[in-house]
């Protein structure tokens, strides 16, 4: 946890724990706690939905910064999709 906020990975882990605890609360007759867990899971899913685009944007920004550093060092950058890369090399997962 960073500065009181969950990372996306931590949110997923906590959702898994919550799912594991749901049947226990229901079997023990803790219906209010069961409902509270459902509510918390909904809040975590909403946070996760908001966090994913931010993470992707951050990743893309870092990739562009690294490509610019390579260009500044005189390296040529070739843009291609993973499929184009596999076709060019004629290999997939290290196999011929």
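The values are calculated or read from the model by the stated rules, or taken from the named source; none is laboratory data. Remember, it's a predicted structure, so these values are computed and weren't measured experimentally. A quick note on method: Cβ atoms are made from the backbone with ideal geometry, for glycine too, and the neighbour counts reach across all protein chains shown.
It is to be established whether one or more residues within region 64-75 are touching a helix residue (DSSP H, G or I) at 6+ places or on another chain (Cβ under 9 Å), free of Cβ contacts under 8 Å to residues at least 12 places away in the same chain and part of a helix (DSSP H, G or I).
Checking region 64-75: not a single residue is touching a helix residue (DSSP H, G or I) at 6+ places or on another chain (Cβ under 9 Å), free of Cβ contacts under 8 Å to residues at least 12 places away in the same chain and part of a helix (DSSP H, G or I).
Taking residue 38 as the residue in question, decide whether it is modelled with pLDDT of 95 or more, within 23 Å of the chain's Cα centre (by Cα) and surrounded by 10 or more Cβ atoms within 10 Å (Cβ to Cβ).
yes
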